[in-house]
Amino acid sequence: MTDPLTQAYNRRFFDEQGRQEVHRAERYGTPLSLLMWDIDHFKAINDRYGHEWGDRVLQQFVQSFTGRLRQSDYLCRIGGEEFAILLPQSDLEAARQLAESLLQLCEEQRLPRVGKVTASFAVVAWQAGESLAQTVNRADALLYQAKAEGRACVRG
């Protein structure tokens, strides 16, 4: 269920819980949003400081972001430096506000040895009739857009 390095939920949990949350949102007509993010220039961090420090960056991001989430939110590591946050009972505006607050946290935070590290964010609201995969694909496209438009920003 959890990623051993960061203690965030893992990809398998994300897929299973995400399908359950989509089913719940569809059944009860409640909002569901998805926030995806990844760490900017993460390969350069690993190359310059080593994988041990790259691991510490991942751990620090998860720890600091977790402090901003509700108990009902699910922070999941879905790839190397790519993460998703399932936000049940949250509309797009609430997801966007959370993403903006996490972006601001990145701006304020300095990590030991590495310094300032930024992240890019994408937010989408699940749409009725949409599968989890479709929602993820829309968020992924916005995350690529954020990267292409200079990083350290929120799209969606």
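The values are calculated or read from the model by the stated rules, or taken from the named source; none is laboratory data. Source: prediction; values computed, not measured. Quick reminder, even Gly has a Cβ in these numbers, built from the backbone with ideal geometry, and neighbours come from all protein chains shown.
Set side by side, the residues 128, 122 differ, and just one is part of a loop (DSSP other than H, G, I, E, B), modelled with pLDDT of 95 or more and not aromatic (Phe, Trp, Tyr), which is 128. Checking each residue in region 131-156 for being outside any loop (DSSP other than H, G, I, E, B) and among the hydrophobic types (A, V, I, L, M, F, W, C) picks out 132, 133, 136, 139, 141, 142, 143, 146, 148, 154.
Every condition in (1) assigned to a loop (DSSP other than H, G, I, E, B); (2) surrounded by fewer than 17 Cβ atoms within 10 Å (Cβ to Cβ); (3) over 11 Å from the mean Cα position of the chain (by Cα) holds for residue 93 except the one numbered (1).
Within region 56-81, residues that are in contact (Cβ under 8 Å) with a residue 24 or more places away in the chain have Cβ atoms under 6 Å from residues that are among the aromatic types (Phe, Trp, Tyr) in these pairs: 74/9; 76/9; 76/14; 77/83; 78/14; 81/42, counting only partners at least 6 apart in sequence or on another chain.
No other residue among 78, 45 is of a type in the set (Val, Ile, Thr) and within 13 Å of the chain's Cα centre (by Cα) apart from 78. Checked against (1) in contact with a Cys (Cβ under 9 Å, 6 or more places away or on another chain); (2) over 16 Å from residue 60 (Cα atoms), residue 129 meets all criteria but (1). Residues of region 100-118 include none that is of a type in the set (D, E, K, R), modelled with pLDDT of 95 or more, surrounded by 18 or more Cβ atoms within 10 Å (Cβ to Cβ) and not in a loop (DSSP other than H, G, I, E, B).
If you go through region 15-60 and keep only what is aromatic (Phe, Trp, Tyr) and surrounded by fewer than 19 Cβ atoms within 10 Å (Cβ to Cβ), you end up with 28, 42, 49, 53. Restricting region 1-31 to residues that are basic (Lys, Arg) and over 14 Å from the mean Cα position of the chain (by Cα) leaves a set whose member that is farthest from residue 93 (Cα to Cα) is 12.
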